[in-house]
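Below is one structure, written out as structure tokens, with a few remarks after it.
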Amino acid sequence: MPTLSDIQEQFLKCVFNQKHNLLEAISSSNADSRVNIYRNTVFNGLCHALSVIYPGVWKLLGKECADNAALMFCHTLKNLPTDGCLDRWGKKFATFLGSIPAFATLPYLEDYAWYEFLWHQAYCGYGKSVYYFKSKFAIDEIQELLDNPEVTTLDLSTKPSYAIIMRPEQKVLTLWVTPEKWHSLSIKEAEYA
């Protein structure tokens, strides 16, 4: 008789369409259809979690494109969550977005996604209370465009952006600082740079 651990391992392989023998244990004429229900639930839940962590990416790419990128990300076993809290998951998604050839025309996308991940971590209150972020792109202007529908122009020149992201009470604050201020603070390392 298989152990619970064996069944869980077989289920994981089944969800990811890998070689398994779980369907043999399901007494049904349409076992694969039944497993597809779980498969869809797992992937939809993971994609939804990413859309919560990266709402600006969904706005920049559009829902359909972002959903497809998230699904591609989730179909790789190494990208699966390692614990039950999906708020701490998804850190690799920013780098993944930067590796997609179709997004090569959006060179700022990876940096913007890193900004959103750090913002979300500050919001959830995990780990540190202050995060330092810098980018060679105008991430501050991209965020302003997404936050303010009245902004109609965007300068994506290679103007760097520097931010201190924190949650002093119940609200996350992003302080966009000048390069001079950043360097005067003697910030040695940013969470993403």
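The values are calculated or read from the model by the stated rules, or taken from the named source; none is laboratory data. Source: prediction; values computed, not measured. Virtual Cβ from ideal backbone geometry, glycine too; neighbours counted across all protein chains shown.
Could you check the stretch 95-127 and list, in sequence order, the residues that are in contact with a helix residue (DSSP H, G or I) (Cβ under 9 Å, 6 or more places away or on another chain) and touching a residue at least 60 places away in the same chain (Cβ under 8 Å)?
Listed by number, the residues that qualify are ASP111, TRP114, TYR115, GLU116, PHE117, HIS120.
Give the residue, chosen from PHE133, PHE117, PHE73, that is under 30 Å from GLU180 (Cβ atoms) and under 14 Å from the mean Cα position of the chain (by Cα).
Sole residue among the options that is under 30 Å from GLU180 (Cβ atoms) and under 14 Å from the mean Cα position of the chain (by Cα): PHE117.
Can you pull out the residues in the stretch 67-101 that are within 16 Å of TYR115 (Cβ to Cβ), at pLDDT 95 or above and either surrounded by 15 or more Cβ atoms within 10 Å (Cβ to Cβ) or among the aliphatic types (A, V, I, L, M) (or both)?
Answer for the stretch 67-101, where residues must be within 16 Å of TYR115 (Cβ to Cβ), at pLDDT 95 or above and either surrounded by 15 or more Cβ atoms within 10 Å (Cβ to Cβ) or among the aliphatic types (A, V, I, L, M) (or both): PHE93, ALA94, PHE96, LEU97, GLY98.
Between a residue in the stretch 34-63 that is of a type outside the set (Ser, Thr, Tyr) and any residue that is outside any helix (DSSP H, G or I) and surrounded by 13 or more Cβ atoms within 10 Å (Cβ to Cβ), which pairs come within a Cβ distance under 6 Å, given they are 6 or more apart or on different chains?
Listed pairs, sorted by first residue: LEU50/GLY90; ILE53/GLY90.
From the residues in the stretch 26-49 that are part of a helix (DSSP H, G or I), hydroxyl-bearing (Ser, Thr, Tyr) and more than 22 Å from ARG88 (Cα to Cα), which one is nearest to the chain's Cα centre (by Cα)?
TYR38
Considering LYS171, LYS188, LYS159, LYS181, which residue is surrounded by fewer than 11 Cβ atoms within 10 Å (Cβ to Cβ), basic (Lys, Arg) and modelled with pLDDT of 80 or more?
LYS171
Would you please list the contacts, defined by Cβ atoms under 7 Å and residues six or more apart or on different chains, that run from a residue in the stretch 137-158 that is without any contact (Cβ under 8 Å) to a residue 12 or more places away in the chain and over 14 Å from LEU106 (Cβ atoms) to a residue that is of a type in the set (Asp, Glu) and not in a loop (DSSP other than H, G, I, E, B)?
VAL151/GLU144
Would you point out which residue out of VAL52, VAL57 is at pLDDT 90 or above, assigned to a helix (DSSP H, G or I), within 14 Å of the chain's Cα centre (by Cα) and within 28 Å of GLN8 (Cβ to Cβ)?
VAL52
Among the residues of the stretch 109-131, which ones are of a type in the set (Ser, Thr, Tyr) and surrounded by fewer than 21 Cβ atoms within 10 Å (Cβ to Cβ)?
Residues of the stretch 109-131 that are of a type in the set (Ser, Thr, Tyr), as a first pass: 112, 115, 123, 126, 129, 131.
Those that are of a type in the set (Ser, Thr, Tyr) and surrounded by fewer than 21 Cβ atoms within 10 Å (Cβ to Cβ): TYR123, TYR126, SER129.
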